[in-house]
Amino acid sequence: MSTPQLLPPLPRLRTGWILGLIILLFASCRGDEAVISMEDSTINTDEPQKGSARGMYLLCEGNMGSNKATIDYLDLSAADGLVHYQRNIFASRNPSAVKELGDVGNDIQIYGSKLWIVLNCSNKVEVCSADSCKRIGQVNIPNCRYVAFDGDYAYVSSYAGPVQLGNSQLGRVYKVDTLTLQKVDSVTVGRQPEEMVIMGGKLYVANSGGYTPENYDRTVSVVSLATMTEERKIDVAPNLHRLRQDHLGQLWVTSRGDYDGVGAELYYLSTDADGKMQLRGKVPVAVSEMCIVGDTLYYIGASYRNATQSNTISMGLVNVSTHQPMSTSLFSSAEAKSVQLPYGIIVNPETRYFYLMDAKNYVSSGELLCFRPDGSFAWRQSTGDIPSKAVFCGFSTITDTPPTPPTPLTSAWIAAVDEYVPAPGQFVNTLPLYEAGDDATTMARKCTGQIGGETMGTVSLGGFGGYITFHFDHPVRNVPGEYDLMIYGNAHSGGSEPGIVMVAHDDNNNGIPDDEWYELSGSADIDSIGKVSYGYEVTYTYRPMSATPWTDNRGGSGVISRNNFHTQEYFPLWLAPTEGATLTLHGTLLPPNATDKSGNGTLWVLNALRHGYVDNLPNTDTEGCSFDISTAVHPLTRQSVALPAITFVRVYSAMNQQCGWIGETSTEITAAKDLHW
């Protein structure tokens with residue numbers, strides 16, 4: 001935020017609220033100004049980033065009173081195989097639209113087959129086709145802010161009055177039929193309502209009171225969707241804004257403070273024994289925008305202070321399970337630090353590429369910066385004015401059917417993690433987060449929080465031999481001629497880190513994974529005869545905050561190197577009580593798959609194997625991520641075994657390979673599913 005006296009859009013004006021108010025009252029719409037045409041440019045990158053996403057819509061607010069809100073589109077599925085960036089697509093897709101998109105774009109969301117764009121000062125919500133951005137209709141709502149969805153309805157928060165400093169009018173949330181685009185109901189909430197979350201038949205609304213800086217609202221309204229009535233308010237902190245839900249059913253809400261004595265902070269809420277949402281605590285970080293993926297809350301902050309008329313910039317991560325900031329170097333690159341005014345962040349939940357939106361000086365073109373999952377810089381692209389919100393499109397087939405509720409933590413998905421023994425690696429102790437006092441039991445529990453059910457978080461297994469063991473709430477049947485399991489990773493084209501799958505049946509019926517283990521044979525057993533090493537064993541030695549030395553049973557040795565992107569300890573701390581402690585891991589070693597295409601160590605490509613490994617092919621390749629229990633073999637003799645069903649599954653990193661600045665090849669797992677449930 002640049003100035004605090006009016007919440008968006010006035011804070012876009014760096015000269016203060018008085019000048020902003022004058023501009024608001026006297027500035028006219030675009031009139032005879034030249035229309036900005038659509039621009040198509042090719043981004044100079046050969047890196048795959050999309051996962052199953054076709055692209056990403058980016059909403060650029062445009063400064064208030066200028067009627068310059070625009071939509072840009074990042075095309076990740078162009079026919080020529082290149083990554084394209086198209087600026088101002090709304091005008092070109094809708095040439096008959098009066099005054100183009102409108103004044104101050106505030107929110108953009110996809111629901112079913114429709115793209116919803118909230119235009120604050122134009123007092124309207126534009127509804128377009130999600131696959132083309134062609135206009136379907138418009139909903140007129142005064143001073144509208146954000147949109148949320150449930151069933152057949154959209155819910156739009158509204159200041160319910162003019163943009164006017166000192167306006168203490170209560171806000172409203174309007175209920176809109178997503179088929180007819182007609183307003184069918186509304187409910188009064190707090191002053192100047194902002195973002196919303198719908199959960200358990202309740203609508204939660206963050207109220208800001210931003211038009212009365214001497215008396216900010218500080219509540220979250222709880223609305224019954226069944227009756228469209230406000231049941232109660234939860235007192236949190238002054239000047240609330242963002243409100244998001246995580247996979248644990250918690251709500252995360254940001255407070256911008258009062259820009260003087262009360263600072264901006266992040267708060268979390270959860271339900272009590274009676275099912276009522278309650279404030280639980282806070283994280284002392286200033287957050288102006290956030291994106292939650294699995295167990296990780298990515299945030300950016302631009303905390304304004306009246307006394308100095310300046311912003312304090314911050315970026316970081318919070319673990320939603322522990323409620324603690326995470327040690328990270330994700331935003332430490334020179335390019336991330338060069339962001340002048342971080343205004344938006346979005347993370348691709350499949351590939352973990354993340355994008356920062358830089359508003360620059362509020363009045364000229366902004367910038368979109370793309371970063372790899374490890375925080376290294378990928379590319380940057382000029383955008384429309386004040387890029388602020390984005391949404392991926394194409395993760396699933398577009399229909400008008402509302403999304404179904406998430407599958408519970410039982411049924412087809414992982415019920416619990418039994419063991420987590422990673423090898424040293426750059427993501428160890430962070431995915432999941434290790435904290436002082438954690439042991440094997442608590443770390444396994446944290447892994448369940450990451451990959452249990454349909455959470456789709458991430459667990460890293462580190463270098464060769466690092467493993468995780470899990471089970472479902474039922475045995476998985478071996479159905480002849482069919483795949484039985486699907487195991488998800490975070491692989492992408494050129495980024496394959498194959499892990500081997502082991503299976504076991506609970507023969508002694510004691511409920512723990514102490515039975516005979518068998519390996520599911522993959523394509524390397526055929527394609528790389530003589531290059532696969534069976535019965536391979538590696539011993540790692542703990543050297544605190546240093547490269548981790550290893551030796552193997554083939555006379556080899558080396559180190560797991562440290563890098564500048566990840567500064568925590570790489571050795572699993574709950575397994576290494578003292579310096580010099582060792583960790584020995586074993587299994588089948590696959591041959592190296594990495595190629596340095598640049599010749600100088602700057603561009604590494606990790607080639608996929610044909611089939612039969614975790615984190616080897618993208619999750620969109622369902623066959624490539626599926627496994628047949630009938631391929632089970634003894635890990636040393638390689639003789640086939642017949643298993644009618646299995647109880648436990650183990651995945652381990654199957655390569656001992658360093659790739660320059662990318663680091664060790666480490667398998668990641670995000671979920672697993674019984675395909676016969």
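The accessible surface of the stretch 209-256, taken with every protein chain in place and a 1.4 Å probe, is 46 percent carbon and sulfur. Between Gln657 and Phe464, Thr665, the built amide H atoms are under 5 Å apart, and every one of these is 5 or more places off in sequence or on another chain.
Need one number: the % of Cα-Cα pairs in the stretch 434-514 sitting beyond the 22 Å mark. Taking all Cα-Cα pairs of the stretch 434-514, the fraction more than 22 Å apart is 38 percent.
Rg and Dmax of the stretch 296-381, both derived from C-alpha coordinates alone, stand at 13.4, 42 Å. One decimal place: the segment Trp661-Lys597 gains 21.7 nm when fully extended, by the rule 0.36 nm per residue minus the C-alpha distance. How much of Glu195 can a 1.4 Å solvent probe reach, expressed as accessible area in Å² and rounded to 10? Rounded to the nearest 10, that gives 10 Å². Multiplying the residue separation of Thr551 and Ile526 by 0.36 nm and removing their Cα-Cα distance gives an extension gain of 6.2 nm. Ordered from highest to lowest accessible area with the whole protein assembly present and a 1.4 Å probe, Phe627, Phe377 read as Phe377, Phe627. If a spin label sat at a point 7 angstrom from the Cα of His634 along the line to its beta carbon, the backbone N atoms of the stretch 516-551 nearer than 14 Å would be those of 516-519, 535.
Each 20 Å bin from zero holds the following percent of Cα-Cα pairs in the chain: 18, 49, 28, 5, 0. Estimated from helical segments only, the mean residue ellipticity of the chain at 222 nm is -1500 deg cm²/dmol, where each DSSP H run of four or more residues counts as -39500 (n - 2.57). For the chain, the per residue solvent-accessible surface stands at 37 Å², with DNA, RNA and ligands left out and a 1.4 Å probe. The gain in end-to-end length when the Lys276 to Gln340 segment is fully stretched comes to 19.0 nm, 0.36 nm per residue minus the alpha carbon separation.
Less than 12 Å from a label point 7 Å out along the Cα-to-Cβ axis of Lys134: which backbone N atoms in the stretch 85-110 qualify, by residue? Answer for this model: 93-95. Convex hull volume per residue, computed on the Cα atoms of the stretch 189-245, equals 65 Å³.
Extending 7 Å from the Cα toward the beta-carbon at both Ala436 and Ala645 defines two label points whose distance is 4.6 nm.
For Tyr304, which sequence-distant residues (separation of 5 or more, or a different chain) have an amide H within less than 5 Å of its own amide H, given hydrogens modelled in the peptide plane? HN-HN under 5 Å from Tyr304: Thr312. Among the protein heavy atoms, those of Leu82 account for about 80 Å² of accessible surface (1.4 Å probe, every chain in place). For the cross-link pairs Lys276/Lys389; Lys202/Lys446; Lys124/Lys202; Lys68/Lys360; Lys68/Lys175, the ones whose C-alpha atoms lie over 20 Å apart are Lys276/Lys389; Lys202/Lys446; Lys124/Lys202; Lys68/Lys175.
Please give the solvent-accessible surface of Lys360 in Å², to the nearest 10, using a probe radius of 1.4 Å with every protein chain present. Number for this one is 50 Å².
Protein-only accessible surface at a 1.4 angstrom probe places the residues Trp252, Trp677 in the order Trp677, Trp252, largest first. Ligands, DNA and RNA left out, the 1.4 Å accessible surface of the stretch 70-151 is 46% carbon and sulfur atoms. The accessible-area ordering, largest first, of the residues Tyr174, Tyr613 stands as Tyr174, Tyr613, per a 1.4 angstrom probe. Each residue, Asn563 and Val363, gets one label point 7 Å from its Cα in the Cβ direction; the gap between the two is 4.2 nm. Using the Karplus relation 6.51 cos²θ - 1.76 cosθ + 1.60 with θ = phi - 60°, the per-residue 3J(HN,Hα) values for the stretch 260-266 come to 10, x, 9, x, 6, 8, 10 Hz, with x marking Gly and Pro.
Using a simple spin-label model with pseudo-atoms 7 Å out from Cα toward Cβ, Asp514 and Arg610 lie 4.0 nm apart. With N as its number of residues, the stretch 610-677 has a Cα radius of gyration that, divided by 2.2 N^0.38 Å, comes to 1.30. Dividing the C-alpha radius of gyration of the stretch 137-259 by 2.2 N^0.38 Å, with N its residue count, gives 1.00. Each residue of the stretch 187-202 was assigned a 3J(HN,Hα) from its phi angle through the Karplus curve 6.51 cos²θ - 1.76 cosθ + 1.60 (θ = phi - 60°); the sequence is 9, 7, 10, x, 7, 6, x, 10, 6, 9, 9, 10, 7, x, x, 10 Hz, with glycine and proline shown as x. Computed 3J(HN,Hα) for the stretch 215-231, one whole-Hz value per residue from the Karplus formula 6.51 cos²θ - 1.76 cosθ + 1.60 where θ = phi - 60°, is 7, 4, 6, 9, 10, 10, 6, 10, 10, 7, 5, 5, 10, 6, 10, 7, 7, glycine and proline marked x.
Taking the 1.4 Å solvent-accessible surface of the stretch 560-609 as the whole, the part contributed by carbon and sulfur is 52%. Near the amide H of Ser329, within less than 5 Å, lie the amide hydrogens of Thr567, all on another chain or at least 5 residues away, with H placed in the peptide plane.
The values are calculated or read from the model by the stated rules, or taken from the named source; none is laboratory data. On a predicted model such as this, the values are computed, not experimentally measured, just so you know. No Cβ is skipped: glycine too gets one built from the backbone with ideal geometry, and neighbour counts run over all protein chains shown. All accessible areas refer to the heavy atoms of the entire protein, side chains included, with ligands and DNA or RNA removed. Shrake-Rupley method; radii C 1.70, N 1.55, O 1.52, S 1.80 Å.
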